[in-house]
Amino acid sequence: MGYIIKTEPHTHTMVSHHAFNTMQEMIYAAEAKGIELIAFTDHGPDLRVTADLLGYEKRDTVFYDGAHPWHFNNLKALPRRVGSLYVIRGAETNIIDYNGTVDLPNTILKKMDWVIASIHRPCLNPGTIDDHTNAYIKALENPYVDAIGHSGLAKFPYDIDAVLETAKRLDKVIELNNHSFITRPASVENCKKIARRCAELGVKVILSTDAHSIYELGNVEKAAAIAQEAGIKQEQIINENAEKFLTHICNRRGVDRSIFENTNPGE
Ligand SMILES: [Zn+2]
Ligand SMILES: [Zn+2]
């Protein structure tokens, strides 16, 4: 396996229907790989796929495959520390309109430690460059959103400078997503462009696996190569190690670092 990252800021479990392992399996696998921190960022409840995209002839069926809102609301049932592993309560929310609205309410988002906002079809139809730019900027302006996920999507081009400058101003994070090389090959060229601009503007980034199974955990080889090629500095990568990631989220959310040492469930 290639480049292993020990701080996993973006992963999915079986509560997202197209991912394949339970949280417990992910935790065991993470520990076995020497991973120090795992953020569970299951898909927000609006994630869906329409029948035609799956090849069904009946075109009006919609299959939802995100997690239930109650999943996110009840993450307090988990400890934030299991053995040597930090377990981060997160979500990968869907941006559902060009005003950057995400598919979990603030009452739930504020209970999260870490929130990614991403565009997924068909939660949002492609619009104009201005529409996509506005969607990302407004999502970043949501105080509970920490990062923009896999924004290289070929069908959703945006004004890179406008979005990255907003991220920088608000101390938010742009993701370089390893999974994109498997599932979104058309986005790779955009990812390179975004990474280069992140390097030039000094925007914070994460290298993530977006793991949908234990077998993807830790491997960010391709995202790391793009970051290196773009000239992203080590200090820009907030998931370089667990402590750096925890410091970032504690500062952003104004929470005490000690909550991440709690081996018991609770708020
Ligand atoms: Zn995603
Ligand atoms: Zn994801």
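Of the residues making up segment 207-229, those that are buried (at least 20 other Cβ atoms within 10 Å of the Cβ) and farther than 20 Å from residue 90 by Cα number 4.
I need a count of the residues in segment 230-255 that are open to solvent by 60 Å² or more (accessible area, probe 1.4 Å) and in a helix (DSSP H, G or I). Count: 5. Flag: residue 99 matches the condition of being away from ligand 1 (no atom under 16 Å from the Cβ), over 17 Å from residue 253 (Cβ atoms) and open to solvent by 50 Å² or more (accessible area, probe 1.4 Å).
What number of residues within segment 197-206 satisfy the criterion of being more than 15 Å from ligand 1 (Cβ to nearest atom) and open to solvent by less than 40 Å² (accessible area, probe 1.4 Å)? Walk me through it before giving the result.
Narrowing segment 197-206 to residues more than 15 Å from ligand 1 (Cβ to nearest atom): 197-205.
From the residues that got through so far, the ones that are open to solvent by less than 40 Å² (accessible area, probe 1.4 Å) too are 198-199, 201-203, 205.
Adding up the residues that qualify gives 6.
Inclusion of residue 40 among residues that are within 16 Å of ligand 1 (Cβ to nearest atom), at pLDDT 95 or above, open to solvent by 10 Å² or more (accessible area, probe 1.4 Å) and under 20 Å from residue 177 (Cα atoms) is not warranted.
Selection of segment 137-151 for residues being in contact with a strand residue (DSSP E or B) (Cβ under 8 Å, 6 or more places away or on another chain) and assigned to a loop (DSSP other than H, G, I, E, B) yields 142, 144, 145, 146, 149, 150, 151.
One residue stands out in segment 179-196 among those that are within 16 Å of ligand 2 (Cβ to nearest atom) and of a type in the set (S, T, N, Q): the one that is surrounded by the most Cβ atoms within 10 Å (Cβ to Cβ), namely 180. Within segment 186-198, identify whether any single residue is of a type in the set (Lys, Arg), farther than 25 Å from residue 25 by Cβ and touching a His at 6+ places or on another chain (Cβ under 9 Å), and answer yes or no. Scanning segment 186-198, I find no residue that is of a type in the set (Lys, Arg), farther than 25 Å from residue 25 by Cβ and touching a His at 6+ places or on another chain (Cβ under 9 Å), so the answer is no. Please work out if residue 210 is away from ligand 1 (no atom under 16 Å from the Cβ) and of a type in the set (D, E, K, R). The answer is no for residue 210. Apart from one condition, residue 267 fits all of (1) at pLDDT 95 or above; (2) over 17 Å from the mean Cα position of the chain (by Cα); the exception is (1).
Just to be sure I understand, how many residues within segment 159-178 are under 21 Å from residue 96 (Cβ atoms), part of a loop (DSSP other than H, G, I, E, B) and either within 15 Å of ligand 1 (Cβ to nearest atom) or open to solvent by less than 20 Å² (accessible area, probe 1.4 Å) (or both)?
If we filter segment 159-178 for residues that are under 21 Å from residue 96 (Cβ atoms), which is where we start, we get 159, 162-163, 166-167, 170, 172-175, 177.
Now drop any that are not part of a loop (DSSP other than H, G, I, E, B), which leaves 159, 170, 172.
Adding the requirement that they be either within 15 Å of ligand 1 (Cβ to nearest atom) or open to solvent by less than 20 Å² (accessible area, probe 1.4 Å) (or both) leaves 172.
Selection size over segment 159-178: 1.
For segment 134-157, a residue qualifies if it is open to solvent by 10 Å² or more (accessible area, probe 1.4 Å) and closer than 16 Å to residue 170 by Cα, and the qualifying residues are 134, 137, 138, 141, 142, 143, 144. Of the listed requirements (1) in contact with a Phe, Trp or Tyr (Cβ under 9 Å, 6 or more places away or on another chain); (2) outside any loop (DSSP other than H, G, I, E, B); (3) surrounded by 15 or more Cβ atoms within 10 Å (Cβ to Cβ), residue 104 misses just one: (2). Among residues of segment 142-164 that are among the hydroxyl-bearing types (Ser, Thr, Tyr), those with a beta-carbon under 6 Å from a residue that is assigned to a loop (DSSP other than H, G, I, E, B) at least six positions away or on a different chain give the pairs 144/110.
Among the residues making up segment 110-124, those that are more than 13 Å from ligand 2 (Cβ to nearest atom) and either open to solvent by less than 20 Å² (accessible area, probe 1.4 Å) or in a strand (DSSP E or B) (or both) are 112, 113, 124. Where helices (runs of 4 or more DSSP H) fall wholly inside segment 1-92, the ranges with 1 or more residues that are within 15 Å of ligand 2 (Cβ to nearest atom) and within 15 Å of the chain's Cα centre (by Cα) are 69-73. Pick from segment 106-151 the residues that are more than 14 Å from ligand 1 (Cβ to nearest atom) and polar (S, T, N, Q): which of them is farthest from residue 41 (Cα to Cα)? Once the filter is applied, the top-ranked residue is 128.
The values are calculated or read from the model by the stated rules, or taken from the named source; none is laboratory data. Just so we're clear, the structure is a prediction, and the values are computed from it rather than from any experiment. Neighbour counts run over all protein chains shown; Cβ positions are idealised from the backbone, glycine included. Side chains included, ligands, DNA and RNA excluded: accessible areas come from the protein's heavy atoms. Shrake-Rupley method; radii C 1.70, N 1.55, O 1.52, S 1.80 Å.
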